[in-house]
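Undergrad: Please see the structure below; I have some questions.
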């Protein structure tokens with residue numbers, strides 16, 4: 001009889017747990033009072049009180065990627081005489097309702113599985129979906145129910161789309177914008193933009209330009225990240241800025257000599273694509289001439305003159321044309337010497353003379369220099385001829401002259417032209433200097449090394465000091 005009572009008590013407990021019926025320990029005892037009326041109190045044995053098990057598992061809050069498998073633990077210190085009940089309150093049932101998923105080893109919802117061990121089990125959810133998100137309760141079948149709750153959050157991979165989807169074409173100077181929209185993703189992904197092959201990160205869903213220029217063109221990558229995977233979800237948009245061709249040439253003057261090879265390089269950027277042509281002295285270069293070799297690699301276009309002679313000297317230009325317009329750049333190919341470079345002295349220690357020095361690069365022999373000079377605000381140039389020195393390595397030649405009969409405390413300017421077998425080069429840019437008593441009005445035309453610059457400043461200070469001290473004192 002006592003065994004029957006225990007079994008019924010257990011059934012009542014299960015019913016009270018699953019259905020929520022108001023069964024209590026007293027109610028169960030009252031149901032059996034009739035069976036025990038004929039039994040004296042002396043004959044009744046004391047019914048042992050069974051302690052409610054304690055949970056060894058702790059409540060957890062889990063973030064699980066969609067499509068993965070999760071195992072929710074429910075472990076107690078002892079299970080004898082009790083069973084475990086799993087309930088769920090999730091997106092489908094709602095927070096106010098709880099669905100029974102399993103009682104002991106009996107599964108009420110085939111969506112779930114149990115993995116049993118000695119004193120507990122694990123609720124297994126495979127191929128987790130957003131509908132599985134919610135709270136999962138493991139309850140002990142006792143008069144005073146004990147339970148733990150696991151909170152499950154399902155992370156969904158980001159899905160994004162861009163506007164425009166792939167390419168945006170805009171004219172230079174016009175406004176433009178590209179945007180990135182979240183179609184799917186939980187938790188809400190963060191959105192950033194980067195430009196391909198650039199390190200700058202732009203936060204936010206949209207990039208706007210008031211006026212685009214050709215440098216803004218390129219590939220922009222939208223990245224959405226909520227931690228679903230090591231790499232964010234990305235989409236790429238190409239911004240295509242249509243503009244007049246931009247043409248750059250490395251140097252405006254290419255110095256050479258007969259028999260040498262010359263390469264003229266031209267950098268061209270255009271969108272949309274453009275047609276490129278080469279001209280010499282205004283006429284299209286004859287590409288059938290075996291002495292010309294024309295190539296291009298990406299934006300760099302090259303015209304090579306395999307063996308220079310006088311007939312190949314001249315002005316070469318590369319021209320680019322597209323539907324937005326035309327542009328070009330020119331370079332002079334010549335045997336004439338480079339412009340001269342003046343040395344770093346601009347203030348004379350003398351009242352009426354100045355020592356002028358310069359260097360020049362010429363592959364052909366320098367025959368002479370022509371020096372022209374004049375006081376500032378004067379119209380007429382005075383001219384002197386100077387012989388060239390013996391050349392130094394790297395085709396460098398030197399020249400110098402002492403200009404005498406100058407006015408004291410006066411600023412002057414000078415320019416120098418170089419003559420070699422191919423003729424006179426253009427005059428250099430004016431070099432400004434001053435006789436003692438006047439301050440120089442410009443820095444040296446070409447800065448030297450740091451030590452030379454320091455020495456020049458020191459020398460200038462010394463000259464100024466000498467100008468202040470009366471002449472007869474030294």
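The values are calculated or read from the model by the stated rules, or taken from the named source; none is laboratory data. This structure is a prediction, so every number in the text was calculated from the model and none was measured. Glycine gets a Cβ as well: all are built from the backbone with ideal geometry, and neighbour counts include every protein chain shown.
Undergrad: Tell me which residues, restricted to the range 167-189, are more than 19 Å from residue 241 (Cβ to Cβ) and buried (at least 16 other Cβ atoms within 10 Å of the Cβ).
TA: 180, 182, 185, 186, 189
Let's see how each residue does on (1) under 30 Å from residue 218 (Cα atoms); (2) part of a strand (DSSP E or B):
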| site | (1), (2) |
| --- | --- |
| 260 | no, no |
| 290 | no, no |
| 304 | no, yes |
| 317 | yes, yes |
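Undergrad: Go through the range 163-192 and give me each residue that's outside any strand (DSSP E or B) and touching a helix residue (DSSP H, G or I) at 6+ places or on another chain (Cβ under 9 Å).
TA: 172
Undergrad: Turning to a different aspect of this structure: Scan the range 392-414 for residues that are in contact with a strand residue (DSSP E or B) (Cβ under 9 Å, 6 or more places away or on another chain), exposed (fewer than 15 other Cβ atoms within 10 Å of the Cβ) and assigned to a loop (DSSP other than H, G, I, E, B) and jot them down.
TA: Correct list: 404, 407, 409.
Undergrad: Kindly indicate the residue of the range 374-386 that is more than 17 Å from residue 341 (Cβ to Cβ) and either surrounded by 13 or more Cβ atoms within 10 Å (Cβ to Cβ) or not assigned by TED's automatic domain parsing to the domain that holds residue 421 (or both) and also modelled with the lowest pLDDT among those meeting that condition.
TA: 376
Undergrad: In addition: For residue 241, are the conditions met, namely being crowded, with 19+ Cβ neighbours inside 10 Å, under 23 Å from residue 298 (Cβ atoms), at pLDDT 95 or above and in contact with a helix residue (DSSP H, G or I) (Cβ under 7 Å, 6 or more places away or on another chain)?
TA: For residue 241, the condition - crowded, with 19+ Cβ neighbours inside 10 Å, under 23 Å from residue 298 (Cβ atoms), at pLDDT 95 or above and in contact with a helix residue (DSSP H, G or I) (Cβ under 7 Å, 6 or more places away or on another chain) - is met.
Undergrad: For the range 105-124, give me each residue that is closer than 16 Å to residue 136 by Cα and part of a strand (DSSP E or B).
TA: Once the filter is applied, which keeps residues that are closer than 16 Å to residue 136 by Cα and part of a strand (DSSP E or B), the range 105-124 yields 107, 112, 113, 114, 115, 120, 121, 122, 123, 124.
Undergrad: If a residue must be crowded, with 19+ Cβ neighbours inside 10 Å, farther than 25 Å from residue 425 by Cα and in contact (Cβ under 8 Å) with a residue 40 or more places away in the chain, how many such residues does the range 281-326 contain?
TA: Residues in the range 281-326 being crowded, with 19+ Cβ neighbours inside 10 Å, farther than 25 Å from residue 425 by Cα and in contact (Cβ under 8 Å) with a residue 40 or more places away in the chain: 2 in total.
Undergrad: If you take the residues in the range 202-217 that are modelled with pLDDT of 95 or more and assigned to a strand (DSSP E or B), which one is surrounded by the fewest Cβ atoms within 10 Å (Cβ to Cβ)?
TA: 208
Undergrad: Okay, next question. Among the residues of the range 387-437, what is the count of those that are over 18 Å from residue 340 (Cβ atoms) and touching a residue at least 60 places away in the same chain (Cβ under 8 Å)?
TA: Looking only at that region, the number is 4.
Undergrad: Only one residue in 417, 437 is within 30 Å of residue 313 (Cα to Cα) and outside any helix (DSSP H, G or I). Which one?
TA: Checking each option against the conditions leaves just 417.
Undergrad: Of the numbered conditions (1) more than 25 Å from residue 417 (Cα to Cα); (2) surrounded by 13 or more Cβ atoms within 10 Å (Cβ to Cβ); (3) in contact (Cβ under 8 Å) with a residue 40 or more places away in the chain, residue 352 satisfies every one except a single condition; which is it?
TA: Residue 352 satisfies all of (1) more than 25 Å from residue 417 (Cα to Cα); (2) surrounded by 13 or more Cβ atoms within 10 Å (Cβ to Cβ); (3) in contact (Cβ under 8 Å) with a residue 40 or more places away in the chain except (1).
Undergrad: Let me ask you something else. Could you tell me whether any residue of the range 413-420 is on the phi < 0 side of the Ramachandran plot, more than 53 Å from the chain's Cα centre (by Cα) and not assigned by TED's automatic domain parsing to the domain that holds residue 254?
TA: no
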